[in-house]
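Asks: Below is a structure I'd like to ask you about.
The values are calculated or read from the model by the stated rules, or taken from the named source; none is laboratory data. In this text, all values refer to a predicted model and were calculated from it rather than measured experimentally. Neighbour counts are summed over all protein chains in view; Cβ atoms, including those assigned to glycine, are modelled from backbone coordinates with ideal geometry.
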Amino acid sequence: MKYDLTVLGGGPGGYFAAIRAAQLGKKVCLIEKDKLGGVCLNWGCIPTKALIKNAEVYSYIKNSEKYGIKVNNVSIDFKKNIKRSRDVSNRLSKGIEFLIQKNKIIHKIGRGELKSKSKVLIEVDKNTEIIDSEYIVIATGARPKSFSGLNLDFKRIISSKEAMLLESIPKKIIIIGSGAIGCEFSYYFNEFGSKIDLIEVKENILPVEDSEISKELEKNFRQSGMSIHTKSKVLKIDSLKSEVLVHLEHNNKKEILKGDYALLAIGVNGNIEDIGLEKLGIEVENSAIKINEFNQTNIPNIYAIGDVSGPPWLAHVASAQGNVSVEHAFNYSTRPIDYLNIPGCTYSQPQVGSLGLTEREAIAKGHDIKIGKYSFKSNGKAMAVGHNQGFVKLIFDNRYGELLGAHIIGSEATELIAELSLAKALETTWEDIAFGIHAHPTFSEAIMEAALDAYGIGIHQ
């Protein structure tokens, strides 16, 4: 069988690439051995957000008296809590199946392996076939990273997948790594009453974020009862029958933390094994396939997208890369992704949304900067709904007024960041943001106020 495009992997990058190619009238084969939607839809982005919403609802109930509502005899059906999350993922996965059928994409349920630059072996159960393809997109995703002494056993030392399938609320859980996954699970389990130890080897939790944002989230986490261990290195983990022992080093002092589980959230490795890369000489680096600005490997008709091509490991990046790859392959007008305008989101409470340069990065690049900030404590909508934690921080180039970076921590940060992504893409200035009329009362007014503040004309400061 001859195809215009063959895609290895049906995650957010793979299925997006397949559908876009089909829209362009191409004959497409999509190979996926598991459920469509990949890790994000089935075991990552989507089910974790369902779990976090459960935690938010519980938080509202616990704090209902401040809204003038008394709720008695509250109980938690933790198994139902988990089931809701799984139901959401299953419905969405079936939705992707429908889209694949709708677009007349050939879906092969099995394993794909490159045999040449134009031939792919498909293994379904014990049967195999070889297909020809003009272009190939590798979208095989990634898996949780582990290190020597920090190996997953999937019983007591677990990944996020096992964490969202626990049958009961752990009394104490130790979370290693404080990126988005680590912080989200810390929030989730803390709301349901677990004792949390959150460990980060670097100076701040959420270390990729602007330091003011990281420090604000850490303050909120500590106030909620979590124990935060920054600048701390995990030496090893002992997995016992009913508990784990995490051996920790901080300032040359060692201690042992005990918990029911240790959740590893220390990054991912690309799934580059057993797909034929070595035979073709496709270049890899740091467990990821090397790509150019259009996601091409060193073999021009073979592309790599999503987590298998390295950071940033984000579903929306994978989808964007899928679009770029397909349109580039079939000679449609396209442009490379602007990686300085990729929103990053953390869905704890308070939420974090950011893009572009941090203050430290902007200074290091030699920019003369203007910074504007606005606290949600002065925002009418935030006060009205009872979520006035956090702030908006905007970084502008002083010479041209260009938006260099946007950093938000607060109840609706992951939604608010979209306005600033669009603003940056359109190369708007501080004036465009500051004098664009924002509806009242909304959280988004804080963005306007932060832009005004950058130039010393804030109204509600």
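Asks: Kindly indicate the residue of segment 293-319 that is part of a strand (DSSP E or B) and among the hydrophobic types (A, V, I, L, M, F, W, C) and also farthest from the chain's Cα centre (by Cα) among those meeting that condition. Write out each step before concluding.
Replies: First, the residues of segment 293-319 that are part of a strand (DSSP E or B): 296, 302-304.
Now restrict to residues that are among the hydrophobic types (A, V, I, L, M, F, W, C): 302, 304.
On the way: 302: 26, 304: 19 Å.
Within segment 293-319, the match that is farthest from the chain's Cα centre (by Cα) is 302.
Asks: Among the candidates 64, 59, 93, 85, single out the residue that is in contact with a Pro (Cβ under 6 Å, 6 or more places away or on another chain), over 19 Å from residue 326 (Cα atoms) and not charged (D, E, K, R).
Replies: Numbers: 64 fails: in contact with a Pro (Cβ under 6 Å, 6 or more places away or on another chain); 59 fails: in contact with a Pro (Cβ under 6 Å, 6 or more places away or on another chain); 93 fails: in contact with a Pro (Cβ under 6 Å, 6 or more places away or on another chain).
On inspection, the qualifying residue turns out to be 85.
Asks: Need at least 3 residues that are within 30 Å of residue 87 (Cβ to Cβ) per element, so show me which strands (runs of 3 or more DSSP E) inside segment 150-254 make the cut, counting only ones lying wholly within it.
Replies: Working: elements: 172-176, 195-199, 227-229, 232-239, 244-250.
Per the criteria, 172-176, 195-199.
Asks: If you don't mind, another one. Only one of 157, 173, 169, 196 is surrounded by fewer than 19 Cβ atoms within 10 Å (Cβ to Cβ), more than 20 Å from the chain's Cα centre (by Cα) and β-branched (Val, Ile, Thr); which? Please lay out each step first, then the result.
Replies: Values: 157 fails: surrounded by fewer than 19 Cβ atoms within 10 Å (Cβ to Cβ); 173 fails: surrounded by fewer than 19 Cβ atoms within 10 Å (Cβ to Cβ); 196 fails: surrounded by fewer than 19 Cβ atoms within 10 Å (Cβ to Cβ).
When all the criteria are applied, what remains is 169.
Asks: I've got another one for you. Restricting to segment 257-287, count the residues that are touching a residue at least 40 places away in the same chain (Cβ under 8 Å) and assigned to a strand (DSSP E or B).
Replies: Of the residues in segment 257-287, 10 are touching a residue at least 40 places away in the same chain (Cβ under 8 Å) and assigned to a strand (DSSP E or B).
Asks: Let me ask something else about it. Just to check your reading of the model, which residue among 49, 26 is basic (Lys, Arg) and either under 25 Å from the mean Cα position of the chain (by Cα) or within 20 Å of residue 161 (Cα to Cα) (or both)?
Replies: It is 49.
Asks: Might you let me know whether segment 418-428 holds any residue that is under 23 Å from the mean Cα position of the chain (by Cα) and not in a helix (DSSP H, G or I)? Can you show your working first?
Replies: Of the residues in segment 418-428, the ones under 23 Å from the mean Cα position of the chain (by Cα) are 418-425.
Now narrow it down to the ones that are not in a helix (DSSP H, G or I): none.
Looking through segment 418-428, none of the residues is under 23 Å from the mean Cα position of the chain (by Cα) and not in a helix (DSSP H, G or I).
Asks: Which residue is surrounded by the most Cβ atoms within 10 Å (Cβ to Cβ), if the candidates are limited to segment 97-154 and must be farther than 27 Å from residue 45 by Cα and among the small types (Gly, Ala, Ser)?
Replies: Checking each candidate, the answer is 133.
Asks: Can you say whether residue 73 is on the phi < 0 side of the Ramachandran plot, at pLDDT below 95 and of a type in the set (S, T, N, Q), as far as the supplied structure shows? Working first, answer last.
Replies: Values: on the phi < 0 side of the Ramachandran plot: no; at pLDDT below 95: yes; of a type in the set (S, T, N, Q): yes.
Considered against the rule, which asks whether it is on the phi < 0 side of the Ramachandran plot, at pLDDT below 95 and of a type in the set (S, T, N, Q), residue 73 comes out as no.
Asks: Here's another thing I want to ask about it. Which members of segment 3-54 meet the condition of being at pLDDT below 95 and out of contact with any helix residue (DSSP H, G or I) (no Cβ under 9 Å at 6 or more places or on another chain)?
Replies: Selection gives 33 alone.
Asks: Assess whether residue 303 counts as being buried (at least 19 other Cβ atoms within 10 Å of the Cβ), more than 17 Å from residue 137 (Cα to Cα) and of a type outside the set (A, V, I, L, M). Write out each step before concluding.
Replies: Values: buried (at least 19 other Cβ atoms within 10 Å of the Cβ): yes; more than 17 Å from residue 137 (Cα to Cα): no; of a type outside the set (A, V, I, L, M): yes.
So residue 303 does not fit the description; no.
Asks: I've got another one for you. Evaluate segment 363-385: report whether one residue or more is of a type in the set (Gly, Ala, Ser) and either within 23 Å of the chain's Cα centre (by Cα) or under 27 Å from residue 316 (Cα atoms) (or both). Let's see the steps before the verdict.
Replies: Within segment 363-385, the subset of a type in the set (Gly, Ala, Ser) is 364, 366, 372, 375, 378, 380, 382, 384.
If we keep only those that are either within 23 Å of the chain's Cα centre (by Cα) or under 27 Å from residue 316 (Cα atoms) (or both) too, we end up with none.
Checked segment 363-385: no residue is of a type in the set (Gly, Ala, Ser) and either within 23 Å of the chain's Cα centre (by Cα) or under 27 Å from residue 316 (Cα atoms) (or both).
Asks: Out of 213, 205, report the one residue that is among the hydrophobic types (A, V, I, L, M, F, W, C), within 27 Å of residue 166 (Cα to Cα) and buried (at least 24 other Cβ atoms within 10 Å of the Cβ). Talk me through it step by step, then tell me what you get.
Replies: Numbers: 213 fails: within 27 Å of residue 166 (Cα to Cα).
None of the others qualify; the one that does is 205.
Asks: Right, something else. What residue, of 370, 377, is surrounded by 14 or more Cβ atoms within 10 Å (Cβ to Cβ) and either of a type outside the set (A, V, I, L, M) or in the same structural domain as residue 356 (by TED's automatic domain parsing) (or both)? Before the answer, list the steps.
Replies: Working: 377 fails: surrounded by 14 or more Cβ atoms within 10 Å (Cβ to Cβ).
Answer to the selection: 370.
Asks: Does residue 414 meet the test of being surrounded by fewer than 24 Cβ atoms within 10 Å (Cβ to Cβ) and in contact with a Cys (Cβ under 9 Å, 6 or more places away or on another chain)? Before the answer, list the steps.
Replies: Working: surrounded by fewer than 24 Cβ atoms within 10 Å (Cβ to Cβ): yes; in contact with a Cys (Cβ under 9 Å, 6 or more places away or on another chain): yes.
Yes, satisfied.
Asks: Same structure, new question: Could you please give the count of residues in segment 180-204 that are under 14 Å from residue 231 (Cα atoms) and not β-branched (Val, Ile, Thr)?
Replies: Residues meeting the conditions: 6.
Asks: Out of all the residues in segment 391-403, is one or more assigned to a loop (DSSP other than H, G, I, E, B), crowded, with 24+ Cβ neighbours inside 10 Å and touching a residue at least 60 places away in the same chain (Cβ under 8 Å)? Full working, then the answer.
Replies: If we filter segment 391-403 for residues that are assigned to a loop (DSSP other than H, G, I, E, B), which is where we start, we get 398-401.
Retained after the next criterion (residues that are crowded, with 24+ Cβ neighbours inside 10 Å): none.
No, segment 391-403 contains no residue that is assigned to a loop (DSSP other than H, G, I, E, B), crowded, with 24+ Cβ neighbours inside 10 Å and touching a residue at least 60 places away in the same chain (Cβ under 8 Å).
Asks: For residue 327, indicate whether it is under 16 Å from residue 206 (Cβ atoms) and in a helix (DSSP H, G or I).
Replies: Numbers: under 16 Å from residue 206 (Cβ atoms): no; in a helix (DSSP H, G or I): yes.
So residue 327 does not fit the description; no.
Asks: Would a scan of segment 248-271 turn up a residue that is of a type outside the set (Val, Ile, Thr), outside the structural domain of residue 161 (by TED's automatic domain parsing), farther than 30 Å from residue 343 by Cα and in contact with an Asp or Glu (Cβ under 6 Å, 6 or more places away or on another chain)?
Replies: Within segment 248-271 (the criterion being of a type outside the set (Val, Ile, Thr), outside the structural domain of residue 161 (by TED's automatic domain parsing), farther than 30 Å from residue 343 by Cα and in contact with an Asp or Glu (Cβ under 6 Å, 6 or more places away or on another chain)), the answer is no, since none of the residues qualifies.
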